[in-house]
Structures are given as C-alpha cells and as structure tokens.
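Comments concern the structure below.
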Amino acid sequence: MLVNQFLFLAAILFCIGVYGVIARRNAVLVLMSIELILNAVNLNLIAFAMRNGSPDGHTFALYVIAVAAAEVGVGLGMVLLIYRNRKTIALDDLSEMKG
Amino acid sequence: MVAQNIGFALIALVMIVGALRVVTTSNVVHAALWLVVVLSGAAAQYVLLAAEFVAITQVLVYVGAVMVLFLFGTMLTRSRIGRETDLNNPRWKWGIPVALLLFAAMAIALVSAFGDEKMPEDAAPVPVQVVSDQIFGPYLLPFWALSFVLLAAVIGAIVLARKD
C-alpha cells in the first residue's frame, strides 16, 4: 500500500465536498458536503498515523468526529429555526446580512 | 498486500461514486443514503489502516447518529420527500473549476511530497488502550475542551429548536 493512495482518496473526497458546498442551494445538502470534507480530513489523519506509527492521529480523528457531531447538531438546529421563520432553507434567499 | 490493494481500490471506487451522488442527486433523502455509503466506506478504510476503534466510532457516531439527524432535518424542513429541481445554485457550474483546480494543486503537492513512499508493512492494529492513554494523558486538555463544546452544542441545539 502506498501512502499516496489514501491521501489521493482523501483529496478527491475533499474536492467533491468543496464542489458540493459551492454548488448546493439547500442548507441540509451543504451540511452533508461539509461532512464529506471532515471525513477526508479524518482519512488523512489515520493515514498519517499509520505512516508515522504513532497513535496521535487516532486521537485527533476521534476529536474531529466529536466536533463534527456537535456541528451537525447545532447546524441542523439553525436550519430548523430558519425554516420555521422563513419557510425556506435556500441559502441564496437568506441575504439580510448583505451590505 | 495484493488483497489489501484490491480491497482499497474497490472501497475507494464505491466511496467516490457515493460522494459524487451526494453532491449531484436531486433527492435530499437519496443524498443522505449515499452519504451512508461514503461514511461506511471510510470506516472500512480505517480498518484497512489498522484503526479499529476509530472505525467503530465512525459507524456509531456517523452512520448511526449523524445520519438520523440528517434524515430528521430533511423530514422537518421539507414539505415533500422526492425529486426536486431547485437544489442547486443558479451559478453551480463555478464549483467545477474550483474543485478541479484545488485537486490539481493538492495532487501536485502530494506527488512531490510523498511520491511512491510505502506504508509500513507490519503495522499492528492500534489497541484501544493506547488510544485511551493518549486521550486521558497528553491530550486531556483538548478532551475537556471537547466536553464543553459538546455540552454547549446540546444546550444550543435545544434552545434553537425549541418552540416558544
């Protein structure tokens, strides 16, 4: 197994996630794309943990998983609140903050 | 080694197809289910990389809990479940060159940094005890911070989602 095969898989997933964040209009789908990005980062952490033979990457991958869970909880809470007030979660309709 | 590479290639292919479907499908529930495929594939890659505990946590937290959250979020914000036409931005095509340029930059960096370096052949699975010694030893302070983050997230989610 090469080191690069895992890093390339993570890079591909990261780029697909970035594309999703840019292209999607629905807030729930944008959150899903962010999950793709976080998973790419986790894959990198675990790959480097194996390459370096150190368990630090595992620890940080677990922390990233926990932070991602908290992020999804708060993010979906905000999406629900926006939906309740505005009856839409299309991100380009939410432009009150625009200068 | 050959078996590991074949396993990696199959799982990676499934993950990439699933990720592409997540960002292109026109049905929010289908996107959530394709995301399950990608996250399960990531768990399989963790097993391949001798990280059993992270793989189990991935299945428990992502495939179990986060996915239920996504399905509930879809259910609570959607009047109907099915195909929709307005899930993309009007200027969604800008995402393609951005993603491709980003990937080109990362590919150049990865090839020049690691080339054809190999993973260590005899990597034993990392026992859970080692991981827990890490978390409750040198990384105790981030663990405390994370506990507060989770507490704040729980309270924040309840406050945000509460009807009053």
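The values are calculated or read from the model by the stated rules, or taken from the named source; none is laboratory data. Predicted model, so just to flag it, every value in this text is computed and none were measured. Virtual Cβ from ideal backbone geometry, glycine too; neighbours counted across all protein chains shown. Only protein heavy atoms, including side chains, enter the accessible area calculation; ligands, DNA and RNA are left aside. Shrake-Rupley method; radii C 1.70, N 1.55, O 1.52, S 1.80 Å.
A:R24's amide H: which non-local residues (gap 5+, or another chain) put their own amide H closer than 5 Å, with H modeled 1.01 Å from N in plane and none for Pro or chain starts?
Those lying under 5 Å, H to H, from A:R24 are B:N89.
Once you have the alpha carbon radius of gyration of chain A, what is it after dividing by 2.2 N^0.38 Å, with N set to its residue count?
So chain A has a normalised radius of gyration of 1.32.
Per-residue mean of other chain beta-carbon atoms within 10 angstrom of the beta-carbon, peptide B:134-142? Show your work: numbers first, answer last.
Values: counts 8, 5, 0, 1, 2, 5, 0, 0, 3.
Shielding by partners across B:134-142 averages 3.
List, largest first, the extents of the alpha carbons of the protein assembly as shown along their principal axes, each in whole Å.
Taking the Cα atoms of the protein assembly as shown, the three principal extents are 56, 40, 35 Å.
Of the accessible area of the range A:3-90, with the probe set at 1.4 angstrom, what percent is carbon plus sulfur?
70 percent
Highest mean first, how do B:113-121, A:62-70, A:6-14 rank when packing is the count of other Cβ atoms within 10 Å averaged over residues?
Top to bottom by mean Cβ count within 10 Å: A:6-14, A:62-70, B:113-121.
Partner chain Cβ atoms within 10 Å, averaged over the residues of A:28-38 - can you pull that number for me? Can you show the working numbers first?
Working: counts 11, 11, 0, 4, 14, 6, 0, 8, 9, 0, 1.
The per-residue average across the peptide is 6.
Might you work out the accessible area of B:D86 for me, using a 1.4 Å probe with all protein chains in place, and round it to the nearest 10 Å²?
Probe radius 1.4 Å; accessible area of B:D86 about 80 Å².
Using only protein heavy atoms and a 1.4 angstrom probe, determine the accessible area buried between A and B, summed over both sides, in Å² to the nearest 100. If you can, show how the numbers build up before the last one.
Values: alone 7180 and 13150 Å², together 13220 Å².
Answer for the A-B pair: about 7100 Å² buried.
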